[in-house]
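Notes for the one structure printed next.
The values are calculated or read from the model by the stated rules, or taken from the named source; none is laboratory data. Being a predicted model, the structure only gives us computed values, none of them experimental. So basically every Cβ, Gly included, is an ideal-geometry build from the backbone, and we count neighbours across all protein chains shown. Only protein heavy atoms, including side chains, enter the accessible area calculation; ligands, DNA and RNA are left aside. Shrake-Rupley method; radii C 1.70, N 1.55, O 1.52, S 1.80 Å.
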Amino acid sequence: CALPILVAVGYGSFRHFPAAPRRELGDDRGAIRSFAIQSSLASGLTSLRTSLPTVLVGVVAAGSQVGNFRIAQAPQTAFQSLSAPARLVLLAEQTCDIEYGRADRALALLRRYVIGTAAFSLLVTPPLWIFMPDILRFVYSGKWAAAANPCRVMVLIACVQLIFAWTKTFPVSIGRPGLRLAGQTVEIAVLVPALLACTAVWGATGAAIGPLVSSLALAAFWSVWIVRLRHGGLSPAPAEVVA
């Protein structure tokens, strides 16, 4: 029932956009196709970092550990939802700034986002870490008390992903979706062996440590690249600009 409603709402919203005459893509066809393919692949890899771990945990650990891990994913899901509106703002504002040659403004907005989310993470992490067993007993009852330690690790993952949530939109804004694809590939390549190895040793807690390691790998990847981009310039090449 939900799908027809979503389709109807989406189609209705699309009809409200101003009509424009159809134009041939011409010489931009290849660049636009490449942009769309790379962005789609990167989005697919991004979705894997939340769905794939559950499957891998089930291969290595017992059913109770899988349940604990699923409960532990709640902070990650909550923080991803929290960052969604900010990512939309970053996408719109930074794309506009880059297109009009205001790379300094795009970087300033990025800096404010990182500082703000880092401060928020430092503020919320200690109480969540301390009171996590009580929170789980309140929300899920005592049945899932064993998920406290995996949840604590997931809070750290959620904070890292919140601070680096801009990596989903920034490559698109600068016309470099291949960088996003490369970063997500690094994350998944680290995630799989780290999760399997840690889960085999520490169960659900190890299953949370694996994604933490891969999230830090992605953070390191983008920490290096943002420095390189700042020194190399952020204006997209003419063939990569999408109007």
Of the residues that make up the range 6-17, is at least one at pLDDT below 85, part of a helix (DSSP H, G or I), among the charged types (D, E, K, R) and more than 27 Å from Pro211 (Cβ to Cβ)?
-> yes
Positions within the range 76-115 being open to solvent by 40 Å² or more (accessible area, probe 1.4 Å) and of a type in the set (Gly, Ala, Ser), in sequence order = Ala78, Ser81, Ala92, Gly101
Taking the range 131-140 and the residues there that are out of contact with any Phe, Trp or Tyr (no Cβ under 9 Å at 6 or more places or on another chain) and open to solvent by less than 60 Å² (accessible area, probe 1.4 Å), the one that is farthest from Ala36 (Cα to Cα) would be Pro133
Among the candidates Thr125, Thr77, residue that is over 17 Å from the mean Cα position of the chain (by Cα), closer than 28 Å to Gly206 by Cα, without any contact (Cβ under 8 Å) to a residue 40 or more places away in the chain and part of a helix (DSSP H, G or I) = Thr125
Selection status of Leu162, closer than 16 Å to Thr77 by Cα, in contact (Cβ under 8 Å) with a residue 60 or more places away in the chain and touching a Cys at 6+ places or on another chain (Cβ under 7 Å) = no
Does the range 163-170 contain at least one residue that is surrounded by fewer than 22 Cβ atoms within 10 Å (Cβ to Cβ), outside any helix (DSSP H, G or I) and more than 17 Å from the chain's Cα centre (by Cα)?
-> no
Only one of (1) under 21 Å from Ala189 (Cβ atoms); (2) over 19 Å from the mean Cα position of the chain (by Cα); (3) not small (Gly, Ala, Ser) does not apply to Gln65, and that is (1)
Of all the residues that make up the range 149-162, how many are more than 20 Å from Leu218 (Cβ to Cβ) and open to solvent by 10 Å² or more (accessible area, probe 1.4 Å)?
-> 2
Within the range 175-200, residues of a type in the set (A, V, I, L, M, F, W, C) and either touching a residue at least 40 places away in the same chain (Cβ under 8 Å) or not in a helix (DSSP H, G or I) (or both) come out as Leu179, Leu181, Ile188, Leu191, Val192, Leu195, Leu196, Ala200
Would a scan of the range 26-37 turn up a residue that is open to solvent by 60 Å² or more (accessible area, probe 1.4 Å), at pLDDT 80 or above and assigned to a helix (DSSP H, G or I)?
-> yes
Candidates Gly203, Gly210, filtered to the one that is in contact (Cβ under 8 Å) with a residue 12 or more places away in the chain, at positive phi and surrounded by 22 or more Cβ atoms within 10 Å (Cβ to Cβ) = Gly203
Of the residues that make up the range 1-15, is at least one small (Gly, Ala, Ser), open to solvent by less than 90 Å² (accessible area, probe 1.4 Å) and under 30 Å from Met154 (Cβ atoms)?
-> yes
Might you let me know whether the range 28-36 holds any residue that is free of Cβ contacts under 8 Å to residues at least 12 places away in the same chain and of a type in the set (Asp, Glu)?
-> no
Test Leu181 against the stated conditions and say whether it is closer than 21 Å to Trp202 by Cβ, of a type in the set (A, V, I, L, M, F, W, C), open to solvent by 30 Å² or more (accessible area, probe 1.4 Å) and within 17 Å of the chain's Cα centre (by Cα).
-> no
